[in-house]
1. How many residues does region 270-310 contain that are within 21 Å of the chain's Cα centre (by Cα), crowded, with 16+ Cβ neighbours inside 10 Å and not β-branched (Val, Ile, Thr)?
2. What pairs can you find where one residue is in region 416-427 and in contact (Cβ under 8 Å) with a residue 40 or more places away in the chain and buried (at least 21 other Cβ atoms within 10 Å of the Cβ), the other is in a loop (DSSP other than H, G, I, E, B) and acidic (Asp, Glu), and their Cβ atoms are less than 9 Å apart, with a gap of 6+ or different chains?
3. Go through 316, 345 for me and flag whichever is under 20 Å from the mean Cα position of the chain (by Cα) and of a type in the set (A, V, I, L, M, F, W, C).
4. Within region 242-260, can one find any residue that is more than 21 Å from the chain's Cα centre (by Cα), closer than 30 Å to residue 327 by Cα and either crowded, with 16+ Cβ neighbours inside 10 Å or outside the structural domain of residue 85 (by TED's automatic domain parsing) (or both)?
5. Does residue 371 count as out of contact with any helix residue (DSSP H, G or I) (no Cβ under 9 Å at 6 or more places or on another chain), modelled with pLDDT of 95 or more, assigned to a strand (DSSP E or B) and among the β-branched types (Val, Ile, Thr)?
6. With the condition kept exactly as written, say whether any residue in region 60-79 is modelled with pLDDT of 85 or more, touching a helix residue (DSSP H, G or I) at 6+ places or on another chain (Cβ under 6 Å) and not in a loop (DSSP other than H, G, I, E, B).
7. Tell me the helices (runs of 4 or more DSSP H) entirely within region 119-177 that contain at least 3 residues that are within 13 Å of the chain's Cα centre (by Cα).
8. Hey, does region 142-160 have a residue that's under 22 Å from residue 113 (Cα atoms) and polar (S, T, N, Q)?
Amino acid sequence: MLAVLVLGAAGAGFWAYRQLDGNITSADLKQRLDGDRPEKLSSGSKNILVVGSDSRAGANAEYGKGLETMQSDTLMVVHLAANREWATVMSLPRDSYVRIPSCERGDGKKSAPHSFKINESFAIGGSKGDVGAAAACTIKTVEKNTGLRMDHFMSVDFQGFKGMVNALGGIEVCPKEPIHDKKAHLDMEAGCQTVKDEKALGYVRTRYSVGDGSDLGRIGRQQEFMRALARKAQKKVTSPAALYDFLDSTTKSLTTDEELAGLKPLYELASQVKGIPQDRLTFLTVPNYPRQADIPADRANVVWQYPQAARLFGQLAHDEEVDKKRMEAASENPVPTPSVRVRVLNGTGQPGRAARVAKDLRALGFTVASTGNTPERARKTTVSYPGNLRRSAEVLASRLPGSASRADGRASGPVTLTVAQDYEGLR
């Protein structure tokens, strides 16, 4: 989409270029992101956080009132490889139950750290309609939970999305069953058909009236729709005149960080990625399972699946191409976090360290069996386990950056976490 946008604009006249360039809104993020951020582990690669905003401000009010804060309907991380030969688009379900760090609200006050749906981070920062504050809180939340350093940010709203589709004459979709969803303003029959206007927007927003009603099904439809939209736009990129309405709608609804706020920086980035082949552009969703498996009363959220999610984040952090089929096969049988029983041993010599770590483990859903001290100081934070608890140990170890893991044939009972001075906290 980015490549289509700016390469098309490059062929437009000077007036059109100035008009489109002026449409793009910038968000000041530098002053809002503190120094406690993940280290960049792969030079040259880029991570772009993309938000589909369902703010009800202005022309978006027709999609529902009563929401006083900005909302995020879609959340993705686009990873561009350093060699620009492949890219991965990782969707983060908006119902992901994660830890949200302290963020600056629009009124200057700060929120308290807590756990909730990931899309609440956009609403916290955007409580007064400031996209920059909303973006900053979302970036902090994604970075804290994935360990991935975000290089750029982009946001597109309802009206911009609809205008992009209309400018291309609509997009063909092929639902396998009829969809009737009052919330998404959608009534359509099964079978292939071209959608635009409210139908196009409703198709990518519908959730409860199709499939299993989950956000995961909607993510699949959105990814499918994005592919089709990009393909159709690419066919028209040779005709700047035909593309103008498409470009105008896109740029009017686009908010980026200050470094990308303009056709020139976008063009420079697009020139590097336009040659990525379709078979090396991978759309995937972070491995997850229903939180109901952890908390029976919670039927509304999902939690990320470990160690699979940690492996995915690690691959992207080190700029390693992801094998989607292998990742999905490894995610077939999740180990619920509460089923992992942990004994915490303090190997630092500092009183109370085991109790503090145990509290953090419980906050993530682990079951703490006991706490204690090691007879001698430990050199390295270690997860040890009896052979039959290997998978449980992998779940725990994947939440402990820099820890070591080893099987102990003489051990019995729960997985043991020995905390040393190098303990970096839980992710």
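1. Result for region 270-310: 15.
2. That search, which allows pairs on different chains as well, returns 416/408.
3. 316
4. Looking for residues that are more than 21 Å from the chain's Cα centre (by Cα), closer than 30 Å to residue 327 by Cα and either crowded, with 16+ Cβ neighbours inside 10 Å or outside the structural domain of residue 85 (by TED's automatic domain parsing) (or both), one finds none in region 242-260, hence no.
5. Here the answer is no, as residue 371 does not meet what is asked.
6. If we filter region 60-79 for residues that are modelled with pLDDT of 85 or more, which is where we start, we get 75-79.
This time we only want the ones that are touching a helix residue (DSSP H, G or I) at 6+ places or on another chain (Cβ under 6 Å), so: 79.
Subsequent filtering for residues that are not in a loop (DSSP other than H, G, I, E, B) retains 79.
There is at least one residue in region 60-79 that is modelled with pLDDT of 85 or more, touching a helix residue (DSSP H, G or I) at 6+ places or on another chain (Cβ under 6 Å) and not in a loop (DSSP other than H, G, I, E, B).
7. 120-125, 131-146
8. Checking region 142-160: at least one residue is under 22 Å from residue 113 (Cα atoms) and polar (S, T, N, Q).
The values are calculated or read from the model by the stated rules, or taken from the named source; none is laboratory data. No experiment lies behind these values; they were computed from the predicted model shown. Quick reminder, even Gly has a Cβ in these numbers, built from the backbone with ideal geometry, and neighbours come from all protein chains shown.
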